Each structure stands twice: as C-alpha cells, then as structure tokens.
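Take a look at the structure below.
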Amino acid sequence: MQKVLTFIYKKKKYVSKPWRFSAAVKVHNEYLKLKEDDKINPLQLCGEAVDYLFEGTEATADILEYAVASKKRMCFEVWEWFIEDFSGKNEESLTEDQAEETEN
C-alpha cells in the first residue's frame with residue numbers, strides 16, 4: 001500500500017506523491033546534520049521531505065506555507081514513516097525497485 005500525505009486547504013483536498021526512498025533520504029540528510037546533544041524535531045527534519053512530496057502537485061509552496069497546522073501534522077506522519085522504514089518494521093514501503101528508480 002502506498003503512503004501519501006493529504007490535507008485540506010480552503011475546502012480543496014491536496015494529495016502528495018507517494019512516499020518513496022528519495023523523500024526518506026531527505027529526512028536522513030537532515031538527521032545527519034544534528035549535533036550530539038540536539039533534540040530530534042520532526043518539524044525541522046521532515047519539512048523538506050513534505051515539500052518534496054508535494055512538488056509537481058497542485059499544492060504550491062505558498063499553499064504549504066499557509067497550511068501551517070497541516071504541514072506540522074504531515075511532518076509527524078513523514079517522521080513515523082521514516083522510523084518504520086529504517087527500523088525494519090515496514091518491509092514493503094521502500095522496495096528495491098523504488099531505490100533503483102531514484103538512482104537513475
């Protein structure tokens with residue numbers, strides 16, 4: 001089952017592209033920037049990935065900036081997906097085909 005983010009802004013529903021390896025890499029790269037004593041903050045770590053998942057959709061950067069509460073919720077969703085995928089709990093989410101696709 002593909003994971004997508006959704007939110008409603010001004011009575012219109014927006015749907016992201018499916019969660020994929022390339023989005024997880026964006027979260028991982030932000031995670032690597034943390035210093036040893038920094039707290040983990042999904043809003044800081046996942047904002048870029050949320051924006052990336054909506055690239056090429058009807059949800060422009062301006063809309064995402066105004067939908068603050070929705071973006072916050074979606075950052076926490078992305079963080080959960082990231083943890084599931086990299087803890088081995090969800091073997092289906094990031095398939096080898098998707099990983100190969102992002103490399104090409």
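The values are calculated or read from the model by the stated rules, or taken from the named source; none is laboratory data. Quantities reported herein were computed from a predicted structural model and do not represent experimental measurements. Neighbour counts run over all protein chains shown; Cβ positions are idealised from the backbone, glycine included. In case anyone asks, the SASA skips ligands and DNA or RNA and just uses the protein heavy atoms, side chains included. Shrake-Rupley method; radii C 1.70, N 1.55, O 1.52, S 1.80 Å.
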field: Qualifying positions in the range 21-35 - open to solvent by 50 Å² or more (accessible area, probe 1.4 Å) and of a type outside the set (A, V, I, L, M)
entry: Phe21, Lys26, His28, Asn29, Tyr31, Lys33, Lys35
message: Among the residues of the range 37-47, are any touching a strand residue (DSSP E or B) at 6+ places or on another chain (Cβ under 7 Å) and assigned to a helix (DSSP H, G or I)?
response: no
- request: Look through the range 48-69, keep the residues that are modelled with pLDDT under 95 and buried (at least 18 other Cβ atoms within 10 Å of the Cβ), and return whichever of them is nearest to Lys3 (Cα to Cα).
  value: Ala59
message: Cβ-Cβ under 9 Å, sequence separation 6+ or interchain: first residue in the range 9-24 and farther than 11 Å from Thr57 by Cβ, partner at pLDDT 95 or above and among the basic types (Lys, Arg). Which pairs?
response: Pro18/Lys3; Trp19/Lys3; Ala23/Lys17
- prompt: Considering Lys11, Lys17, Lys72, which residue is touching a Ser or Thr at 6+ places or on another chain (Cβ under 7 Å), charged (D, E, K, R) and open to solvent by 60 Å² or more (accessible area, probe 1.4 Å)?
  reply: Lys17
